[in-house]
């Protein structure tokens, strides 16, 4: 650090000052008391120019920026210690205590003498290095949290829900806090670094990825088929998230956000049938024209979803023979089976009868057998 500073700087004096300041900073940071750090109390005072940060510390030609440590995930990728996102091309240095030398109400907004102190500098992503954090906090309830010295379980502070209106259906992350000193500090940390905005951006990107996967199926997805897909994705995301854990902690990457989305969707699909229609509407936005199945009856799948009795089923098959064959060929490619979600809804023995009838329908379609005597054949099997 000292070696890259201007030649006219008091290097011996700076060395003594920074060593003493570093020790005091570490003590305060480790107990969450950076608000108490008073640089004026450091005995070996030495002049530091705020401009040295840009001209000698951050400047790439000096070669110092590359030497700052980074945090790595379980995949050995460098990540931002603030939001845990994988570093892209934009990597910056964040001053945990701001270097701003402007004054408000007779008090400095930041501490320019910390501008070049290595322990106060953390490599982070561009999204987290915001202009929001330009003023130092001098009270316990808002004191800065240094990510290398303090930990908290961020998943304990937010919930995933869905913005659910006639116009929009997408995941949303909202943070919640208790009325205590630590939660106020965490709230300040989340706000300073735009973490709620960043996480909402990432969870929406992962939702789009899920919709793109589901859009590869050219059919409108029934409740049971959607549920199967979401459960499969949930299991995949869970395994990937578990494998990426650092100790007992989840890494907050796209796999974890996908896991949270699918976990929430699974519950919504089970408890609210309108979720199926809304999700299909979102899936359709990601389908290309070539991905649609062109049924002669535009209401084919809606009609299928409304089948409740054997009479309904008989009429449905009779009126949609060609579309039914096309539909079966499509779901067979997906490894799925015929499903009539409302069949025998009012029957006490619903599940057994429904499963048998759907197996008979599958057999008819697979073998190419005529449906002319379908009802009679079903009666022989299950005694209708």
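Just a few scattered comments:
- Cα pair count fraction exceeding 24 Å, expressed as % - region 63-214: 41 percent
- Volume of the Cα convex hull of region 2-150, divided per residue and given in Å³: 125 Å³
- Alpha-carbon radius of gyration plus Dmax, which is the widest Cα pair, for region 217-363 in Å: 17.8, 59
- The spread of Cα positions in region 128-182, taken along each principal axis and listed from longest to shortest, comes to 46, 25, 22 Å.
- Rounded if a/c under 1.5, otherwise prolate or oblate - region 298-382, Cα gyration tensor axes: rounded
- Fully extending the segment from residue 45 to residue 180 would add 45.0 nm, taking 0.36 nm per residue of separation and subtracting the current Cα-Cα distance.
- Projected label distance in nm at residue 315 and residue 132, using a 7 Å step from Cα toward the beta-carbon: 5.7 nm
- Selected from 253, 240, 38 as most flexible by GNM, with the chain as the system and alpha-carbon contacts under 10 Å: 38
- Principal axis dimensions, region 155-262 - Cα atoms, whole angstrom, descending: 52, 38, 20
- Per-pair calculated FRET efficiency, R0 = 51 Å: residue 246 and residue 352 via Cβ, rounded to 0.05: 0.60
- Contour excess over end-to-end distance, with Cα ends at residue 266 and residue 293 and 0.36 nm allotted per residue: 7.1 nm
- Where a label projected 7 Å from the Cα of residue 370 along Cα→Cβ would reach, residues of region 323-339 with amide N under 19 Å: 323-325
- Taking the helices alone, the chain has a mean residue ellipticity at 222 nm of -13500 deg cm²/dmol, built from -39,500 (n - 2.57) per DSSP H run of at least 4 residues and averaged over all its residues.
- FRET efficiency, residue 381 to residue 205 (Cβ-Cβ, R0 51 Å, nearest 0.05): 0.55
- Estimated translational D of region 92-178 in µm²/s (Stokes, Kirkwood radius over Cα pairs; 20 °C; 1.002 mPa s): 137 µm²/s
- Computed log10 I(q)/I(0) for the chain at 0.12 Å⁻¹: -0.95, from the Debye equation with unit scatterers placed on every C-alpha and solvent omitted.
Here, each number is a calculation from the coordinates, and none is a lab measurement. Here the structure is a predicted model, which means the values were calculated and not measured. Heads up, the Cβs are rebuilt from the backbone with ideal geometry, glycines too, and the neighbour counts pull from every protein chain shown.
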